[in-house]
Each structure stands twice: as structure tokens, then as C-alpha cells.
Amino acid sequence: MELIPVRNTSLTPIVRDMDRLWQNFFNSSWNMVPMEPTNGGWLPVMDVEELDNEIKVTTELPGVDSKNVQVTVSGDLITIKGEKKEETEQKKKNYYRSERCYGSFQRTVRAPADIDANKCSAEFKNGVMTVTCPKAEKSKTKQVEVKVK
């Protein structure tokens, strides 16, 4: 199925290649779960790192109060959601400025390995949320000794 109908046959190979590129992109084995609608909110930047014994998810949440953040782990899905409320007001002799920024967010990522959800922890420091989940025993990397005969 072509995403863009084209009547000019000279463009058909290009359109076919672009369709294949988009289909490969959206059907790839990335660890991201489809984005939830933001309802006018914003989506924070999220990094997922697989280490030898754990999965670490780091999310930048500038201007977000830690009281307004919730982390849930269900199976291999790690969800970080919350709300940003920011107000600034400046009164000076020649002007008055008032700005408000509100928005909710929710990001979900699939862990690249089996995790032990009962042992996950979350830390919030200087606007950065770090969720650490130890790998389940069967997912840990094991080094095998090679014997020479």
C-alpha cells in the first residue's frame, strides 16, 4: 500500500522506496512502545541503557516537581508519567509579565531484557529521573571460559 498516491510513473520507484523506508522504520524492533497522546502536553527526552546486570532509564524532566512524577513497572514496560506546572511573574516599573506552562506527559519504554520489577528503584535529582531495574537472573550476561585442548 502506497502512502502517497502518484500518477507520474517516473516517480513510482522513489515513492516505493520511501514507503518501504517508513514501513521498516515503524515495524522495526525498536524498544519504544507507540507514543501515547499528550493532550497538549509535552514528551520529555528519555535514554535507555542496558548494562551487564541492570537496565537504566534516564528521563530529563526540567521544571517538574518530583511530587508530580509517577513511575510504574509492569512486565517489561517501564512508564514514567507526570505533570509540569510552571508559573513566572515579573513586575517592574514599565512592564508586567506573567507566563504559565502546564502540561502532562507519559512515556513508556519496553526493557531490552527481562527485568525484576520488584527490585526497580527510581531517583530524582536536579530535574533528571533515573529508573534502575536489575535484570532477571535468566537475562544476565554470563561469560563462559574457553578451554584449549
Of ARG107, ARG97, ARG16, which has the most accessible area and how do the rest follow, probe 1.4 Å?
ARG16, ARG97, ARG107
For a Förster distance of 35 Å, can you work out the FRET efficiency between the beta-carbons of GLN143 and ASP116, rounded to the nearest 0.05?
0.95
Quick check on region 77-149: take the gyration tensor over C-alpha atoms, sort the square-rooted eigenvalues as a ≥ b ≥ c, and tell me if it's rounded (a/c under 1.5), prolate or oblate.
prolate
Pop out the carbon and sulfur fraction of the accessible area of region 57-149 as a percent, whole number, probe 1.4 Å.
43
³J(HN,Hα), Karplus 6.51/-1.76/1.60, whole Hz, each residue of region 88-96, x for Gly, Pro
10, 9, 10, 10, 9, 4, 9, 7, 9
Would you mind checking which residues have amide H under 5 Å from LEU61's amide H? H placed 1.01 Å from N; only 5 or more apart, or other chain.
VAL128, MET129
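The values are calculated or read from the model by the stated rules, or taken from the named source; none is laboratory data. What you are looking at is a predicted structure, and each value in this text was computed from that prediction instead of being measured. Cβ atoms come from the backbone with ideal geometry, glycine included; neighbour counts cover every protein chain shown. With ligands, DNA and RNA removed, areas are computed over all heavy atoms of the protein, side chains included. Shrake-Rupley method; radii C 1.70, N 1.55, O 1.52, S 1.80 Å.
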